[in-house]
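The values are calculated or read from the model by the stated rules, or taken from the named source; none is laboratory data. Here the structure is a predicted model, which means the values were calculated and not measured. Cβ coordinates were reconstructed from backbone atoms using ideal geometry, including for glycine residues, and neighbour counts include every protein chain displayed.
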Amino acid sequence: MNVVQEQIQDLDHLPVKYEKDADPAFVDEISSLAGVTNLQTCIQCGTCSGTCPSTNYMDIPPHRIINLIRAGFREDVLTSFTPWLCASCYSCAVECPQTISITDVMYAIKQKSLQEKQYPRWFPSPVMVQEFFNAITSRGRIHEGTLILNTFVKTNPILLFKNIKFGFTLWRKGLLEILPPSIQKKDDLKTLLKAMDSPRE
Amino acid sequence: MQYLYYPGCSAKGTGYSYEISMQTVFKRLGAEIEEIHDWNCCGSTAGLCFDKYKTYALAARNLALAERQFKGASDEIHILCPCNACLQILVKTDHCIREDPVNGPRIKRALEKIGLSYTHKIVIRHPLDIILNDIGLDAVRELVTTPLKENRIACYYGCQMVRPFSSYDDQHNPTGMEDLMDVLGVPTVSWALRTSCCGSSLTGTLCCGGTVAAPMDEVGLRMSYNVIKDAQYRGADAITVACPLCQLNLECYQDRMRRLFHDDIRMPIVCITQLMGLAMGIPEKELGLNKLFVPLPNHSAIHQEE
């Protein structure tokens, strides 16, 4: 069997996408979210996937994510773990010839998949993100120890034991506070966030 | 020059050595620093993943607090923000309030509910920006007493300092840190990964995202490992950083990297302000050098000679 035949056989295993499964409104949904601009102007050059430091760990590279959004394959995009591997380093956004802020597209996907509870369950980042936001709203500041503790308990408690030594080293160096810090006017934050919840006047 | 200081959660915890060395050095350089009273977390990249405009509102509270606290007559209020991640969020927030016709006013209205107002007087600045442009390299040169010639240093910029916003340095090839190191007498190395990401939000644990599960922490660790290894190949004895998260991420996980990649790496990671302090002859303890996981080689010998 020659190389071409092998490649054709490989292609047989790829899932076929049908237009009837696509949701044409999806691209507008994502475009309406914060910071997403010029999504339709993408020329599929792949510069984003080339500069991204974590592409080789992603299931779908960034330029294909953009095309999937435009084609309207909602589920593939929202359940992918690509956005959760984005380290927010902005290489893609700076290099993009069409000035698409791809990092913001990733934020938009994350926000959407959290809202619709479509995020990959075995991934710890979504849990961490929610814990992080809860910590800010309840105390106003982040305490590294508590944040890690909560995330580990909810995702992988075994890792907690593995990291105890690291936490102890940090504490011995005086780099980890024991009690979580908090701001004085915690109620202000709650009022502030509630005001953001209310519909636009 | 007077600056309001937004430390960020990281500087108060694991970034202690960066904070204390920066305060000492800035005092020596004659810059006044005043911490913003009752500041809150800016939301970081994790906040942006959750709800963007709520995160902007949280960050905007700090900007509004700074405006209320500032007593000077100047039209511009400069905020000193040592953490790259916070810097980027605060700048983004400022852009959003200035430019977004719908959500800008919405955030302002939310601020009014807690008795604050924001009038666009804030300029958010990184310590490196202030050292290069406000204080000036000549002023630094005058204070240098012991040029640090012993160690070759690799300057690591990381991501969010020059990307996506950069008002004082080139986005693709920044040189500010190298200029500063020249003044301190430090030999620098030329290397490829100086603006590559260290994966701090993926190694997780402390800053922004956190891909902490067993199969996945390799992603973040691999990114940090690449950075350290490249610096090592180019002959660097230490890496200097200007962000508490880069410092933590590159330094504290080296034992895990040693285990995962079977490579005996020991690379000291120091902050720019620590090197400045050393060159100015400030005692080590005031610079937090005793908190380093991997001690800086050769330098203690110089200080004993004095």
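Numbers for the structure displayed
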item	result
Test: B:ILE228 is of a type in the set (A, V, I, L, M, F, W, C), touching a strand residue (DSSP E or B) at 6+ places or on another chain (Cβ under 6 Å), outside any loop (DSSP other than H, G, I, E, B) and at pLDDT 90 or above	no
Spans of helices (runs of 4 or more DSSP H) in region B:1-67 with at least 2 residues more than 8 Å from chain A (Cβ to nearest Cβ)	B:8-12, B:16-28
Residue pairs meeting the criteria (Cβ under 6 Å; at least 6 apart or on separate chains; first farther than 19 Å from A:GLU131 by Cα, in region A:151-179; second assigned to a loop (DSSP other than H, G, I, E, B))	A:LEU170/A:LEU176; A:LEU175/B:THR14
Residues located in region B:97-134, provided they are more than 10 Å from every other protein chain (Cβ to nearest Cβ) and of a type in the set (S, T, N, Q)	B:SER117, B:THR119, B:ASN133
Residue that is nearest to B:GLY199 (Cα to Cα) [pool: residues in region A:26-49 that are without any contact (Cβ under 8 Å) to a residue 12 or more places away in the chain and of a type outside the set (D, E, K, R)]	A:SER31
Among residues of region B:158-178, those that are at pLDDT below 90, out of contact with any Asp or Glu (no Cβ under 6 Å at 6 or more places or on another chain) and not hydrophobic (A, V, I, L, M, F, W, C), counted	11
Filter result (part of a loop (DSSP other than H, G, I, E, B) and not aliphatic (A, V, I, L, M)) within region B:68-93	B:PHE70, B:LYS71, B:GLY72, B:SER74, B:ASP75, B:GLU76, B:CYS81, B:PRO82, B:CYS83
All helices (runs of 4 or more DSSP H) inside region B:239-287 with 1 or more residues being charged (D, E, K, R)	B:244-252, B:254-261
Any hit, region B:172-188, residues being touching a residue at least 12 places away in the same chain (Cβ under 8 Å), closer than 24 Å to B:HIS78 by Cα, within 14 Å of another protein chain (Cβ to nearest Cβ) and surrounded by 14 or more Cβ atoms within 10 Å (Cβ to Cβ)	yes
Residue in region A:74-87 that is surrounded by fewer than 19 Cβ atoms within 10 Å (Cβ to Cβ) and more than 28 Å from A:GLU131 (Cβ to Cβ) present	no
Number of the exception - B:VAL91 against (1) within 8 Å of chain A (Cβ to nearest Cβ); (2) under 22 Å from B:GLY199 (Cα atoms)	(1)
Residues of region B:194-210 satisfying the condition of being more than 7 Å from every other protein chain (Cβ to nearest Cβ) and modelled with pLDDT of 70 or more	B:ARG194, B:THR195, B:CYS198, B:SER200
Any helices (runs of 4 or more DSSP H) falling wholly within region A:98-201 and containing at least 2 residues that are more than 7 Å from chain B (Cβ to nearest Cβ) and hydrophobic (A, V, I, L, M, F, W, C)	A:102-115, A:124-139, A:144-155, A:157-172
Scope region A:77-88; condition assigned to a loop (DSSP other than H, G, I, E, B) and within 10 Å of A:ILE60 (Cβ to Cβ); matching residues	A:SER80, A:PHE81, A:THR82
Top-ranked residue in region A:166-201 [being basic (Lys, Arg) and loosely packed, with under 10 Cβ neighbours inside 10 Å; ranked as nearest to A:THR137 (Cα to Cα)]	A:ARG200
Search result, residues across region A:21-76 that are of a type in the set (Ser, Thr, Tyr), at pLDDT below 90 and not in a loop (DSSP other than H, G, I, E, B)	A:THR55, A:TYR57
Which numbered condition A:ASP104 misses (of (1) over 14 Å from the mean Cα position of the chain (by Cα); (2) in contact (Cβ under 8 Å) with a residue 40 or more places away in the chain)	(1)
Number of positions in region B:135-162 that are within 14 Å of another protein chain (Cβ to nearest Cβ) and of a type outside the set (Phe, Trp, Tyr)	5
